[in-house]
Amino acid sequence: MDEPFDSPALLFDLDGTLIDSVYQHVLAWYEALQSMGFLLAVWRIHRRIGMSGGLLAQALGREIGQRVTHQQAEELQKRHAAAFLKYQNEIQPLPGAADLLATLREAGIPWAIATSGRREAAAPALEKLGVLSADPVITRQEVHRAKPDPDLFLAAAKRLRVPVSRAMVVGDSVWDLLAARRAGCLGVGVLSGGYGREELQQVGAYRVYQDPADMLAHLDEIGIRRDE
């Protein structure tokens with residue numbers, strides 16, 4: 001008799017992975033920087049999306065060639081959050097995202113969302129995705145450090161009560177996949193955040209899909225069986 005198959009748990013990033021919000025975040029950071037007298041091309045901002053807000057502010061300062069103080073970093077994050085609110089209504093789930101989560105829930109596959117954003121900023125997106133109150137969601141406030149540190153994914157695996165080695169991180173940025181490696185789990189990349197396939201593979205993506213709909217169509221490739 002075959003041994004029972006133990007499906008992996010899936011730990012999802014949110015922005016750019018499940019919801020189409022990366023470029024709105026880029027524009028919000030651009031507005032925040034501009035309002036404080038910092039000028040930086042939007043493509044350079046995009047390369048940092050996915051990091052924690054504090055690290056991102058420091059990294060953007062380095063791009064400008066100017067040290068960003070702790071107080072300035074805090075103010076940049078506040079202005080980014082305020083600017084991002086303007087885009088909330090136009091942000092929608094990525095193709096297949098809600099169906100993917102619903103399918104996993106119905107199949108009894110453990111999953112959680114782990115986002116560098118704060119819960120109040122994530123709430124509208126979670127509602128559009130059909131995330132239930134019982135579904136595990138880890139946000140920035142619940143960990144000491146956000147990505148590229150592994151804390152968010154370690155906390156998500158703990159919330160699911162599964163060994164992190166049995167989990168897979170699904171993310172759209174190199175920062176997600178770096179955090180996955182540091183957590184000790186496999187990474188699955190999606191192209192919906194604007195990073196290229198080779199970039200995601202170079203930092204450890206085991207598989208790369210176009211978006212959640214593409215991943216849903218190929219769940220068997222990452223060891224998830226839902227027809228048994």
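The values are calculated or read from the model by the stated rules, or taken from the named source; none is laboratory data. In this text, all values refer to a predicted model and were calculated from it rather than measured experimentally. Please note: Cβ atoms are built from the backbone with ideal geometry, for glycine as well, and neighbour counts cover all protein chains shown.
If I ask for residues that are under 17 Å from W111 (Cβ atoms) and out of contact with any Ser or Thr (no Cβ under 8 Å at 6 or more places or on another chain), which ones from segment 185-205 would you list? Across segment 185-205, the qualifying residues are L186, G187, V188, G189.
Of the residues making up segment 195-204, at least one is at negative phi, of a type in the set (S, T, Y) and buried (at least 21 other Cβ atoms within 10 Å of the Cβ). Counting only helices (runs of 4 or more DSSP H) that fall entirely inside segment 1-107 and contain at least 1 residues that are of a type in the set (F, W, Y), the qualifying elements are 22-35, 42-46, 70-85. One residue alone among L39, L55, L94, L101 is over 20 Å from A146 (Cα atoms) and at pLDDT below 90, and that residue is L39.
Of all residues in segment 105-127, those being crowded, with 16+ Cβ neighbours inside 10 Å, at pLDDT 90 or above and either closer than 18 Å to S173 by Cα or not small (G, A, S) (or both) number 9.
Comparison of E31, E75, E63, E90 shows that the only residue that is more than 18 Å from the chain's Cα centre (by Cα), under 26 Å from L132 (Cα atoms) and not polar (S, T, N, Q) is E90.
When S52, S116 are screened for being in contact (Cβ under 8 Å) with a residue 40 or more places away in the chain and not assigned by TED's automatic domain parsing to the domain that holds V190, only S52 passes.
Results for (1) buried (at least 23 other Cβ atoms within 10 Å of the Cβ); (2) aliphatic (A, V, I, L, M); (3) assigned by TED's automatic domain parsing to the domain that holds C185; (4) touching a residue at least 24 places away in the same chain (Cβ under 8 Å), shown as yes or no for each residue.
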| residue | (1), (2), (3), (4) |
| --- | --- |
| D13 | yes, no, yes, yes |
| T17 | yes, no, yes, yes |
| A28 | no, yes, no, yes |
| Q34 | no, no, no, no |
| F38 | no, no, no, yes |
| R44 | no, no, no, no |
| R47 | no, no, no, no |
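Looking only at segment 156-174, residues that are small (G, A, S) and within 14 Å of the chain's Cα centre (by Cα) come to 3 in all. The listed residues are K147, K158, and the only one of them that is surrounded by fewer than 20 Cβ atoms within 10 Å (Cβ to Cβ) and farther than 23 Å from H218 by Cα turns out to be K158. Within segment 127-144, the residues that satisfy the criterion of being under 13 Å from the mean Cα position of the chain (by Cα) and under 19 Å from A9 (Cα atoms) are V137, I138, T139. Taking the conditions (1) of a type in the set (K, R); (2) within 30 Å of A82 (Cβ to Cβ); (3) modelled with pLDDT of 95 or more in turn, R207 satisfies each one other than (2).
Here A73 fits the description: over 21 Å from Y195 (Cβ atoms), among the aliphatic types (A, V, I, L, M) and not assigned by TED's automatic domain parsing to the domain that holds A217. A single member of A98, A73 is among the hydrophobic types (A, V, I, L, M, F, W, C) and either under 16 Å from T17 (Cα atoms) or in contact with a Lys or Arg (Cβ under 6 Å, 6 or more places away or on another chain) (or both), and it is A98. Looking across H80, H70, one residue alone is more than 20 Å from D172 (Cα to Cα), more than 16 Å from the chain's Cα centre (by Cα) and either surrounded by fewer than 16 Cβ atoms within 10 Å (Cβ to Cβ) or modelled with pLDDT of 95 or more (or both). It is H70.
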